[in-house]
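Before any comments, here is the structure.
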Amino acid sequence: MFSQFDKDFLFGAATAAYQIEGGYNEDGKGTSIWDVFTRKKGKIRDGSTGDIACDTYHNYLTDIKLMNQLKLDAYRFSVSWSRILPEGRGDVNQKGLDYYSALVEALLDNNIRPFITLYHWDMPYAIYRDRKGFGDKETAKYFAEFAQLVVKKLGDRVKDFITLNEPWEHAFFGHFIGEHAPGEKNPRQYFRVAHNQLLGHGLAVGAMRSLRSDLNIGITLSQFPIYPSRYEPNDKDLDSVEMADLFINRFYLDGIYKGKYPEKLLNRLWPIIPKGIDGDMTTIAQPIDFLGVNYYNRLFASRKWYIPFLKTWVDRGSVDPRYDHPILGTQGYPEGMKELAKRYREEYGNPLVYITENGTVEPGNEIEKWRIDDNKRIQYIDYYLRSLREAITEGSNIKGYFYWALMDTFEWSSGLDCPMGLIHVNHKTQQRTIRNSGYWYRDLIASQISRR
Ligand code: FCB
């Protein structure tokens, strides 16, 4: 028996421009920081780039047909800033805008509701060169201008907009530890980028609303329940859990919903917190229509004296077998859906939530992870959806779930070697094959009694 959801609950799938489009220099597209970063030696595990990726710049109609076959209600994708504004601002690349317009038309023709992410990490290189990306406050304004441009072109047909995708990841991996583009390793820059992204979000919300009053605007945050690495924690372990939670989760939630960053975090990190942020907080905290949540797994924190200021660090993988899920193993923590949802209900005013990403690589060896009969992925989705269903029963206002990803994408520093799709992609031939999980998801959608 499939989990059952209300009639208005949306089932979708998600992608992001750099991870699927290819066409990296076609029809006037400008260079993004990922175009530059992937060319640097040793940055991408398998040496690949997103130059071609899934080639959806050319193949989007094929993919929309597949989405239709899967009976998706909604599709979350991102627009590439440098495809639309090759220099990040100024001259508009009409062909870039036309591409997204055609994509939207085709989605609507197939009754698929488009959710657009405006910034999914692919900063125009020109803005990085001149302004260090979101390292500079000016970029927040540029971003709002870009958001307006997209709304002008698409806002008559697209109503659901996500300003930023996972500002924590972009700031942390891109500017603190250098694993993502642009590859900076600078804790101070981390906070500038974190804060200026949120400012950009706030300015964009205002700018978009000034053009249209019929938009649903939200932001997507990555969210992690945080547990102590040590199964039986001491006080220091608990402090590291709290600090990691403030740093990764609450900084963003509190900024947006409370208009202030967590005091305890600021007190610990004051030497590297940018000056003059107070005046931006009202802009950052203006009302939004929904919270997008990307939830995959929990993190395990432990005290690390050598980490400057924070003194805490987190691991992703299993640290104690007692934490393992009996079926999903080390990475699976479906209960996290309920834990996060409870927090939003009790501490952030029970906002409308969309799960904008959740998904997995099929566990196993190098061959198994590419399987078409991906039955472990099915179990994973099923467990997470059941937990999400329970969160709704407990009172949470969750209205949709987007599986990550629609198809096997270019997975950032893991390159093309990290398949997470409902649809298998052979990146040499661009052949698509719907996986068992894709058919299972289709059947789940079709089984919703509320819709009959
Ligand atoms: C998220 C990203 C998305 C994808 C998934 C696996 O952090 O938003 O682009 O890489 O992880």
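Structure summary
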item	result
Cα-Cα separations in the range 164-255 greater than 15 Å, expressed as whole percent	66 percent
Summed side-chain charge close to Val293 - residues other than Val293 whose Cβ falls under 13 Å, Lys, Arg +1, Asp, Glu -1	+3
At R0 = 51 Å, FRET efficiency that the Cβ-Cβ distance of Asn426 and Arg157 yields, to 0.05	0.95
Calculated over the range 161-204: convex hull of Cα atoms, volume per residue (Å³)	55 Å³
Rel. contact order, % - alpha carbon contacts under 8 angstrom, at least six apart, the range 255-330	24 percent
Debye log10 I(q)/I(0) at q = 0.10, 0.15, 0.19 Å⁻¹ for the range 1-140, Cα point scatterers	-0.39, -0.79, -1.11
Listed residues Gln286, Ile327, Trp305: farthest to the positive end of the dipole of the range 272-357 (Cβ charges)	Trp305
Neighbourhood net charge (15 Å Cβ-Cβ; Lys/Arg +1, Asp/Glu -1) for Gly155	+1
The chain, relative contact order [Cα under 8 Å, separation at least 6], %	19 percent
Cα-projected label distance for Asn397 with Glu179, points at 7 Å along beta-carbon direction, nm	3.5 nm
Gain on full stretching of the segment that runs from Lys236 to Asn110 - 0.36 nm per residue minus C-alpha separation	40.0 nm
Cα→Cβ-extended label distance, 7 Å offset, between Ser413 and Lys40, nm	1.1 nm
Rh (Kirkwood; distinct C-alpha pairs) - the range 212-311, Å	15.2 Å
Tensor-based shape of the chain (alpha-carbon gyration tensor, a/c under 1.5 rounded, otherwise prolate or oblate)	rounded
Length gained when the stretch Lys260-Asp324 is fully extended (0.36 nm per residue, less Cα-Cα span)	19.5 nm
Cα centroid separation, the range 240-284 to the range 388-418 (Å)	26 Å
Estimated FRET transfer efficiency (Arg452, Ile307; beta-carbon r; R0 56 Å; 0.05)	0.55
Environment charge of Met243, counting only residues whose C-beta is closer than 13 Å and scoring Lys/Arg +1, Asp/Glu -1	+1
Cβ-placed point charges (K, R +1; D, E -1), dipole of the chain about Cα centre in debye, nearest 20	460 debye
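We did not get these values from a lab; they are worked out from the coordinates using the rules stated. Only a predicted model underlies this, so the values are computations on that prediction, with no experimental measurement involved. Virtual Cβ from ideal backbone geometry, glycine too; neighbours counted across all protein chains shown.
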